[in-house]
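*Asks:* The structure follows.
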């Protein structure tokens, strides 16, 4: 199978479906402000997004992002490719990656977007449902315990490959090739949450810039005025 014909169309549609900015559309329909802080490519914290959209709309947006991942691996894949041959596992894997990548790098938002966890859950729920449910429960428990979604999101993303490996090894050996996809989606999600991850590790989020030569020279001048309060 080549990239010509339905496979190429499938890849393009996978990215475009992932790119649909559900949260931004909901915010604009409500006449609310942007879900992105100025100069940032990732949206505000989940709590702030829910404050802007409201809990019902925020839950609806989360569910729609979940559906984006599910729709791309099924039924869109089955409609365009119409095969489940094991030799073609890479097609659904690339489509699954593209829908999550599109969610994080939306063509409609200047290649910025969400962090990909909800869409990843949608992909996983069809391809590897048991690890997906376990990762979702881990996310829910840690998010509730930490009073924030970020500890749960980071833990769920990191746990997905660890949960998938024994499940595939013991119960679904026919899906062994999908482990590479799970690992890739896990790394992509962790990358999108990298600022929070660095914070939890106690590492600086951004390297501090050295003072400029002009600032240093001004501080060394004896007649430099004291502006401290």
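Computed from the coordinates by the stated procedures, all read-outs in this text should not be read as laboratory data. The structure presented is a predicted model; accordingly, all values stated were derived computationally and were not measured. Cβ atoms come from the backbone with ideal geometry, glycine included; neighbour counts cover every protein chain shown.
*Asks:* How far apart, in nanometres, would the label points at residue 162 and residue 32 be if each is projected 7 angstrom from Cα along the Cα-to-Cβ direction?
*Replies:* Between residue 162 and residue 32, the label points sit 3.3 nm apart.
*Asks:* Let me ask something else. By counting other Cβ atoms within 10 Å of each Cβ, how are 17, 133, 94 ranked from fewest to most?
*Replies:* Fewest-to-most ranking of 17, 133, 94: 133, 94, 17.
*Asks:* Given R₀ = 22 Å, what would the calculated FRET efficiency be for residue 79 paired with residue 191, taking r from the Cβ atoms and rounding to 0.05?
*Replies:* The calculated FRET efficiency here is 0.10.
*Asks:* Where a ≥ b ≥ c are the square roots of the eigenvalues of the C-alpha gyration tensor, would you call the stretch 9-48 rounded, which needs a/c under 1.5, or, failing that, prolate if a/b is larger than b/c, or oblate?
*Replies:* Prolate is the answer for the stretch 9-48, as a/c is 1.5 or above and a/b outweighs b/c.
*Asks:* Ranking 139, 169 by Cβ neighbours within 10 Å, fewest first, what do you get?
*Replies:* 169, 139
*Asks:* A follow-up question, please. Send over the per residue convex hull volume for the stretch 6-203, Cα only, as a whole number of Å³.
*Replies:* Hull volume normalised by residue count: 117 Å³.
*Asks:* Would you calculate the separation in nanometres between label points at residue 169 and residue 60, each defined as 7 Å from the Cα along the Cα-to-beta-carbon direction?
*Replies:* Using points 7 Å along Cα→Cβ, the separation is 4.4 nm.
*Asks:* Now for a different question. With r defined as the distance between the Cβ atoms of residue 25 and residue 179 and R0 fixed at 45 Å, what FRET efficiency is calculated, to the nearest 0.05?
*Replies:* 0.85
*Asks:* Distance in nm between label sites at residue 112 and residue 45, each 7 Å beyond Cα in the beta-carbon direction?
*Replies:* That separation, rounded to one decimal, is 1.9 nm.
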